[in-house]
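Below is one structure, written out as structure tokens; comments come after it.
Values quoted throughout were computed directly from the atomic coordinates according to the rules given, and no laboratory measurement underlies them. Bear in mind that the values here come from a model prediction, so they are computed numbers and not experimental data. So basically every Cβ, Gly included, is an ideal-geometry build from the backbone, and we count neighbours across all protein chains shown.
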Amino acid sequence: MTPFVKYLNITIAGLMALTLYASAAQAPQRIDVKNLNLSIKVDNVVVPLPNEVFGALNKLGPVNWKEYVRSDRGSNFTERPRIALLLGSVIADGFIAVQAEDAPAVKDIGQRVLALSKGIGVGSSITQHAKAIIEYADKRKWENVRHELDLTQNSVQSAMNEVHDEKLSQLVSLGGWLRGTEVLTSVVTKNFSTGAELLHQPDLLVYFNEKLQAMPEYKMHLLQEIHGALIEVKPLIDVGNQKISPESVKKINEITTRLGTAIVTKD
């Protein structure tokens, strides 16, 4: 699995990691991601892995996951960079829809993933996974759906790298990270007194921005907007040993929600 495939999952995994504490008798004052046994390091960035913690999500209890399942399919785009961002966002939506156990949404996402993958020339690599996602959703075999979503990410990433479309591959990951952060900040704001520290990934923002700066050929206002937003978010999460404030979590949610809307809306 490439580094950016792992980055695609970082905030979705962070969201899942909250469940390790949600069912405890008393929530801890602080969750130290570095001490989780469910993480790996990529370029010195701690990344909780989704497959290791998805099973604990059903312990979150009062969270209404259907609230976070999106029905907006987005416009029909022709710009490959925007399609890549949207593909990453839709794959992230797939993980959320699985947690909501929303079979119709998961089946729709499987079809959308296939259509978007075709839009950037890698549809043949994920046709089998998309069909499996739909089939397993029909049978409500959620662990199988999660596995196929992981395989979909890997296949998309590998196919693009094989044809030297690494930059589009990175945009897929960035789109997923933005959507995951949007949901994570919303859930933390509404449901938890702890968990904001899962956002403490300043090195990750630096990494994404470096990749965006290496894409001068993509002259899109949206990419410039994302670049500026990542710069805006960094001081909100780069707080050292201090806690990320509720105000910062809310601000990050506003920023990522704005970007999520921009990704699915024509300029």
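Taking the radius of gyration and the Kirkwood hydrodynamic radius from Cα positions alone, what is the Rg/Rh ratio for the stretch 75-138, to two decimal places?
Values: Rg = 11.4 Å, Rh = 11.7 Å.
Using only Cα positions, Rg/Rh for the stretch 75-138 is 0.97.
May I have the extent of the alpha carbons of the stretch 108-213 along their three principal axes, as whole Å values ordered from largest to smallest?
Cα spread of the stretch 108-213 along its principal axes, largest to smallest: 41, 39, 17 Å.
Could you list log10 I(q)/I(0) for the stretch 149-267 at q = 0.10, 0.12, 0.21, 0.23 Å⁻¹, which the Debye formula gives when each Cα is one point scatterer?
The Debye formula, applied to the Cα set alone, gives -0.33, -0.48, -1.23, -1.36.
Taking a 30 Å limit on the Cα-Cα distance, which of the listed pairs K131/K190; K167/K234; K141/K211 fall beyond it? Intermediate values should be presented prior to the final figure.
Details: K131/K190 35 Å; K167/K234 22 Å; K141/K211 36 Å.
With Cα atoms farther than 30 Å apart: K131/K190; K141/K211.
Run the reach check for K139 against aspartates and glutamates, Cα to Cα strictly under 13 Å, same-chain hits fewer than 8 apart removed. What comes back?
Of all the aspartates and glutamates, those that pass the test against K139 - Cα under 13 Å, at least 8 places apart if same chain - are E101, D102.
Leaving out same-chain residues fewer than 8 places away, which aspartates and glutamates sit with a Cα under 20 Å from that of K107?
In chain and number order, the partners are E67, D72, D93, E135, D138, E143, E148, D150.
Could you state the number of Å between the C-alpha centres of the stretch 98-171 and the stretch 209-267?
Using only Cα atoms, the two centres lie 25 Å from each other.
Using the beta-carbon distance between D203 and E166 and R0 = 22 Å, what value does 1/(1 + (r/R0)^6) give for FRET efficiency, to the nearest 0.05? Please report the intermediate quantities before stating the final value.
Details: r = 20 Å, r/R0 = 0.91.
FRET efficiency, D203 to E166: 0.65.
What residues from the stretch 87-110 fall in the zone where the backbone N is under 13 Å from a label point 7 Å along the Cα-to-C-beta line of E217?
Output list for this probe position: empty.
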